[in-house]
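Contents: one structure, followed by commentary.
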Amino acid sequence: MQNLFAPGHRACAGCAMPTAVKLILDAAGPNTIVASPTGCLEVISTPFPESAWEVPWVHSLFENAAAVASGIDVVMKRLGKEDTNILVIGGDGSTFDIGIGCISGMFERGHNVKYICYDNEAYMNTGVQRSSSTPFCTNTTTTPAGKVSFGNPLPKKDMPAIAVAHRVPYVATASVAYPVDLRKKVKRACGIKGPAYIQISAPCITGWNFEAGNTIEIARLAVETCLSPLYEYVNGELDGVKKVRSKKPVEDYLKTQGRYRHLFRKDGGAEVIGKIQAMADANALKFGLLD
Amino acid sequence: MKLSLGAMAEPGSTRVTKTGAWRTFVPQLDHAACIKCSLCEIYCPEACIHQVDGLFVPDLDYCKGCGVCANECPRKAIEMILEEK
Amino acid sequence: MADSSANAGLKLESMKVVEGSYALAHAVMCCSPDVVSAYPITPQTHIVEHLSQFVADGLMPSEFITVDSEFSALSALVGSSVAGARCYSATTSQGLALMFEVLYNVSGMRLPVVMTVANRALSAPLSIWNDHQDSMGVRDSGWIQLYAESVQEAVDLTPIAYKIAEDEDILTPAMVCMDGFILTHVYEPVQLLDLETVNEFLPPYTPKIVLDPKNPKTFGAFVDPSMFTEYRYMQCQAQNKALSAIERADREFSEIFGRSYGGLLEVYGGDDAEVMLIAMGSVSGTIKDTIDELRSDGVKVGLTRIRSFRPFPVEAIRKAVADAHVIAVIEKDVTVGNDGALVSEIKAALYNSKVGIPVIGFAVGLGGRDVTVADVKRAVAKALAAKDGRMDHEFEFLSLREELL
C-alpha cells in the first residue's frame with residue numbers, strides 16, 4: 001500500500017478521516033490532484049509550513065472546493081492531462097450545506113471531478129454543530145438534547161440522491177470499516193469519465209463521543225444496523241449493494257456513542273429509538289440490504 | 001525560514017512533528033499470534049504501522065496510541081499498555 | 001477636446017465604431033487567456049457574450065466555463081490559476097459583492113487573475129446603473145485597481161493589467177474598472193488591439209510552481225499568528241512595487257502602441273491650476289469639457305485624474321496638487337457613515353505633507369445619475385468659495401433633489 005498522506009498530521013488519535021484519506025489516495029494513486037474545503041481535514045493536514053499531502057493539493061475557501069476543482073479540470077483537459085485524477089475530499093458541512101451550490105454546478109457541467117465526502121455528520125472542526133447530514137435526534141452543540149428537546153429534529157439530507165438527480169454517472173456510499181469496498185469504489189470512480197460522488201461514513205471520536213479505539217467498530221455497526229447502507233448507482237440505476245449478513249438493532253449502535261446518551265435516559269427516548277429503527281428498516285427495504 | 005509565496009507548503013512535511021509525544025498507551029504486538037492480515041496497517045490513521053522484515057511494527061515517532069489496531073486485530077494480537085515515560 | 005498623448009497613437013482610418021463591451025472582449029481575446037470563467041450580470045453581459053462567440057467561432061482558443069454564480073466564477077479561477085493558467089473574469093456590483101471572500105483569497109494566494117469590473121451601484125435599492133460603490137467596497141481586498149476614463153483606455157488597460165499582475169515581483173490580481181453602461185454600452189470609435197502586437201508587449205504566463213503530480217506542492221495552508229502579519233506585509237510590499245510597475249507598463253505600452261495615459265495619474269488643464277479637481281473614471285470626460293469652458297473664462301482649474309486607486313499613488317498626488325489652492329474631489333461613491341472613499345484617502349495622503357490646502361468632496365452620479373457640465377461648474381464654484389474660507393460642507397451630495405426628501 002502506498003501512503004500519500006504523511007504522518008505527523010494533527011488529527012485526533014483514532015480519527016476515521018485520515019484512514020479514509022490514506023485509502024482514497026492509495027486507490028487513486030500519485031497521478032492525482034486534490035482540492036479540499038476548509039474543515040477538519042484541511043486544518044489537521046496543513047498547518048503552515050507543514051503539509052501531510054504527498055500529492056498536489058489546494059485549499060481555497062469553505063464552500064468552493066467543487067468550483068476550484070472545476071477550474072483545475074478545465075486546465076488539465078487543456079494540457080492533455082485528462083488521465084490525472086482530480087478529487088475533492090471534504091466534510092459533510094461543506095458538501096451538504098454551504099458548498100452545495102458549487103457542487104451542483106460542477107456536477108451539472110459534467111466536470112471530470114470525483115467528489116469524496118467524509119461524513120462525520122456535523123460541523124466538527126468548529127465544535128460539533130449540526131449540519132444537514134446530522135441524523136434524527138442527534139445531540140450536537142446547536143441541536144443539543146435538553147429538557148424539552150431530543151436534539152436534531154430533522155432527518156439526514158439524502159446527498160447521494162441529489163447526486164443521482166444531477167445525472168452523476170457514478171454515485172456510491174462507503175465506510176472506513178469496509179476498506180476493500182472503499183478502495184474498489186474509489187478506483188471505479190476514477191475509472192469513469194465525468195463527475196462522481198462518494199460518501200464515506202466516518203465516525204468522529206470528539207463529536208460522537210466514544211473511546212478512541214472504537215472508531216472502526218462503530219463505523220461497522222452503522223452499516224450492520226442498516227443506518228448507513230452501502231450502495232452504488234451507475235448512470236442512475238442501483239448497481240451494487242453490500243448486503244448485511246446479520247442485521248443488528250439500532251440500539252447496539254446508538255448506545256456506543258455519547259451523542260445518543262439522552263435517548264437512553266429521557267422519557268420518550270424509547271419511542272425515538274423506535275423511529276430510528278424504522279428509518280433503518282426502511283433503508284433495508286429500499287436497497288435490498290438483507291437476503 | 002523564509003516565507004513561501006501564498007503560504008505554499010512542501011509535501012509530507014508534517015513528518016517533522018512527532019505525534020508520538022501525544023500518546024498515553026502504546027501498542028504491543030504479539031508477533032507469534034499475528035496472521036499478517038495487515039488490517040492494523042490498513043486501519044491506522046497515522047499510517048505508522050508497517051511491515052518491517054515481515055513483522056508489523058508501529059512507528060513510535062508518530063503512533064498516537066489510539067488503540068484502533070488493538071480493537072480491530074482479528075487475533076487480538078495487539079495489546080494497548082500504559083507507556084512508561 | 002484637447003489633445004492628449006492618449007490620442008497621439010490613434011489613426012482614424014484604422015479605428016472601428018464598436019460597442020465598448022465588444023472592444024473590451026476583443027482586448028481580452030488578444031491577451032490569450034487560458035480560462036475565462038464569468039457569470040452574466042448587467043451591464044457586463046455583452047463582454048462575456050462576445051467572448052463566448054469568439055470561442056464558438058474558433059477565434060479564441062480559451063476554455064470558457066459557464067459557471068453557476070460569480071462566487072463560482074472566481075473560485076474556478078483559483079483552481080485554474082494554481083494549475084498554471086492565465087485567467088480572466090468580469091463582473092460588477094452584486095456579482096463583485098458575492099465574490100467578496102474569493103477576492104481576498106485570490107490576492108492572498110498571490111494569483112495574477114485579471115478581472116473587468118463594469119462599475120454599477122449596489123442594492124439596496126436595486127439599481128443597474130453606474131457608480132463606483134462596488135469597487136470601492138472591495139478596496140481593501142488586496143487587488144490592484146485601475147480606472148479607465150474611456151473605452152480605449154479600458155481596452156489598453158487589459159494587457160497592461162496582465163503585465164503588471166503577472167510580474168514575478170508583484171503577482172497580485174488586478175481589476176480594470178470601467179463605468180457600467182457609460183463605457184460598456186457606448187458606441188464610439190476605438191482602436192482595437194491585435195494579437196501580434198499584444199504578444200510583443202505581454203509575454204506568456206509561465207508560473208514556476210503549479211499543481212503538478214510530478215512535483216506535488218500544497219497551496220493554501222493555514223497560517224498562525226506568528227507568521228500571518230508577514231504575509232500581509234508581503235502583499236503590501238508587492239502593491240508598493242506595483243506603483244513603479246504601473247508607470248513602467250504605461251511607458252512600454254506607449255513605445256509599442258503609441259498611446260500613453262500618464263502612468264499612475266493624468267493631469268489635465270495646465271500646470272497653473274488653482275482649483276484642482278480630482279476624479280476617476282468616465283466622469284473625467286465631462287470634467288475636462290468643463291475645464292475647457294472655465295479656462296476660456298479665465299478660471300484656473302485643472303483635473304488630476306487618478307488611474308491607479310490601488311496602489312494609492314500618494315507621492316504622485318502630493319506632487320500634482322503641490323501648487324493648487326483648493327482641491328475638490330468628485331466621486332461616484334459614499335462610504336455611508338463617513339464621506340466618500342476618494343476624498344478621505346486624498347485628505348489622508350496630504351495630511352502629513354507640506355500641502356495644507358482646503359479639500360472638499362462631492363458625491364455625484366450615484367445609481368447612474370447623469371453628471372453635467374453645470375454640475376461640475378457648481379462644484380468649482382463651491383471650491384472657489386472654500387478657497388476663500390467659505391466652506392459650507394466638507395462633503396456633500398452634489399445635485400441632491402431636495403424636493404424628494
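Where a number appears in this text, it was derived from the coordinates with a stated rule and is not lab data. Note that the structure is a prediction, hence the values are computed from the model and not measured. Positions of Cβ are generated from backbone atoms using ideal geometry, with glycine treated the same way; all protein chains shown enter the neighbour counts.
Quickly work out the residue A:82-to-residue A:2 label distance, labels modelled 7 Å from Cα along the C-beta direction, and quote it in nm with one decimal. Each label point lies 7 Å from its Cα, and together they span 2.3 nm. Highest average first, the peptides C:61-68, C:208-215, C:40-47, B:12-19 ordered by how many other beta carbon atoms sit within 10 Å of their residues are C:40-47, C:61-68, B:12-19, C:208-215. Legend: mean number of C-beta atoms from other chains within 10 angstrom of residue C-beta atoms, peptide A:41-48, equals 6. Shielding of peptide A:9-22 by partners, expressed as the average count of other chain Cβ atoms within 10 Å per residue Cβ, is 5. Dipole magnitude for segment B:25-82: computed about the Cα centre from +1 point charges on Lys and Arg Cβ and -1 point charges on Asp and Glu Cβ, it is near 200 debye.
Of the residues C:200, C:188, C:247, the one that moves most in a GNM of chain C with alpha-carbon contacts below 10 Å is C:200. If you take the square roots of the eigenvalues of the alpha-carbon gyration tensor of segment A:39-136 and sort them as a ≥ b ≥ c, do you get rounded (a/c under 1.5), prolate (a/b over b/c) or oblate? Oblate, because a/c is 1.5 or more while a/b does not exceed b/c.
Amide H contacts under 5 Å for residue C:355: none, restricted to partners 5 or more places along the chain or on a different chain, H placed in the peptide plane at 1.01 Å from N. Assuming charge only on the beta carbon of Lys and Arg (+1) and of Asp and Glu (-1), the dipole of segment A:16-287 about its Cα centre is about 440 debye to the nearest 20. Across peptide A:206-212, the average count of Cβ atoms from other chains found within 10 Å of a residue's Cβ is 2.
Within a straight-line Cα-Cα reach of under 28 Å, residue C:288 can be paired with the following lysines, leaving aside sequence neighbours fewer than 8 residues apart in one chain: C:11, C:16, C:300, C:319, C:332, C:347, C:354, C:377, C:382, C:387. Spin-label model, residue C:224 to residue C:247: label points 7 Å out along the Cα-to-beta-carbon direction sit 4.3 nm apart. Counting only DSSP beta bridges with both residues in chain C, the antiparallel share comes to about 20 percent.
For residue A:161, put the label point 7 Å out on the Cα→Cβ axis and report which residues of segment A:190-229 keep their amide N under 14 Å from it. In segment A:190-229, the label zone of residue A:161 (backbone N under 14 Å from the point 7 Å along Cα→Cβ) covers A:229.
Using the Cα centre of chain A as origin and beta-carbon charges of +1 (Lys, Arg) and -1 (Asp, Glu), tell me which of A:136, A:122, A:244 is placed farthest towards the positive end of the dipole. Among A:136, A:122, A:244, the one farthest towards the positive end of the dipole of chain A is A:244.
Is the shape of segment C:265-404 best called rounded, prolate or oblate, per the rule: a/c under 1.5 gives rounded, else a/b larger than b/c gives prolate, else oblate, with a ≥ b ≥ c the square roots of the Cα gyration tensor eigenvalues? Here segment C:265-404 falls in the rounded category. Counting only DSSP beta bridges with both residues in the protein assembly as shown, tell me the antiparallel percent, nearest 5. Bridges in the protein assembly as shown that DSSP calls antiparallel: roughly 35 percent.
Need the C-alpha centroid separation for segment C:107-161 versus segment C:7-23, integer Å. Computed from Cα coordinates, the inter-centre distance equals 22 Å. Beta-bridge orientation, segment C:265-404: approximately 20 percent antiparallel, per DSSP, counting only bridges with both partners inside. With θ taken as phi - 60° and the Karplus curve 6.51 cos²θ - 1.76 cosθ + 1.60 applied, the whole-hertz 3J(HN,Hα) list for segment C:394-405 is 6, 8, 8, 7, 6, 6, 6, 8, 4, 5, 8, 8 Hz, x standing for glycine and proline. The alpha-carbon of residue A:248 sits under 15 angstrom from the alpha-carbons of these aspartates and glutamates, leaving out residues fewer than 8 places away in its chain: A:217, A:224, A:281, A:291. Label positions at residue C:192 and residue A:184, each projected 7 Å from the Cα along the C-beta direction, are separated by 5.8 nm.
Put a plus charge on the Cβ of each Lys and Arg, a minus charge on the Cβ of each Asp and Glu, and nothing anywhere else: the dipole of the protein assembly as shown about its Cα centre is then about 2600 debye.
Among the listed pairs A:157/A:286; A:184/B:64; B:18/C:214; A:255/A:275; A:193/A:242; A:185/B:76, those whose Cα-Cα separation exceeds 22 Å are A:184/B:64; B:18/C:214; A:193/A:242; A:185/B:76. Show which lysines lie in cross-link reach of residue C:163 when reach means a straight Cα distance below 19 angstrom and same-chain residues fewer than eight apart are skipped. Result set, ordered by chain and number: C:208, C:241. Can you give me the Cα centroid spacing of segment A:3-60 and segment C:183-231 in angstrom? Centre-to-centre (Cα) distance: 27 Å.
Does chain A come out rounded, prolate or oblate by the C-alpha gyration tensor, with a ≥ b ≥ c the root eigenvalues, rounded set by a/c under 1.5 and, if not, prolate when a/b is larger than b/c and oblate if not? Because a/c hits 1.5 or more and a/b exceeds b/c, chain A counts as prolate. Backbone phi angles across segment C:137-147, fed through the Karplus curve with coefficients 6.51, -1.76 and 1.60 (θ = phi - 60°), yield HN-Hα couplings of x, 10, 5, 8, 7, x, 7, 6, 10, 10, 10 Hz in residue order; Gly and Pro are listed as x.
Between A:76, A:276, A:189, the Cα set farthest toward the positive side of the dipole of chain A (charges on each charged residue's Cβ, about the Cα centre) is that of A:276. Along the Cα-to-C-beta direction of residue A:285, a point sits 7 Å from the Cα; which residues of segment A:197-236 have their amide N less than 16 Å from that point? Of the residues in segment A:197-236, A:226-227 have backbone N under 16 Å from the label point off residue A:285. Think of the protein assembly as shown as a dipole: +1 on every Lys or Arg Cβ, -1 on every Asp or Glu Cβ, centred on the Cα centre; then among A:205, C:341, C:246, A:205 lies furthest on the positive end.
Rounded to 0.05, the FRET efficiency of the residue A:266 and residue C:57 pair, given R0 = 60 Å and the Cβ-Cβ distance, is 0.30. Considering only B:32, B:21, B:47, the mean-square fluctuation computed in a Gaussian network model of chain B, springs between alpha carbons under 10 angstrom, is largest for B:32. Here the 3J(HN,Hα) profile of segment C:281-291, calculated from phi with Karplus coefficients 6.51, -1.76 and 1.60 at θ = phi - 60°, is x, 5, 4, 4, x, 4, 5, 4, 4, 5, 4 Hz, Gly and Pro shown as x. Highest mean packing comes first when the peptides C:31-37, A:166-172, C:292-298 are listed by Cβ atoms within 10 Å, giving C:31-37, A:166-172, C:292-298. Computed over chain C, the Cα gyration tensor eigenvalues convert (square root of 5λ each) into semi-axes of 34, 24, 21 Å, ordered from largest to smallest.
Taking Cβ atoms as reference points and 15 Å as the exclusive limit, the residues near residue C:32 contribute a net charge of -3, counting Lys and Arg as +1 and Asp and Glu as -1. Here the calculated FRET efficiency for residue A:252 and residue A:211, from their Cβ-Cβ distance with R0 = 22 Å, stands at 0.90, rounded to the nearest 0.05. Scoring C:219-230, A:36-47 by mean Cβ neighbours within 10 Å over their residues and listing the highest first yields A:36-47, C:219-230.
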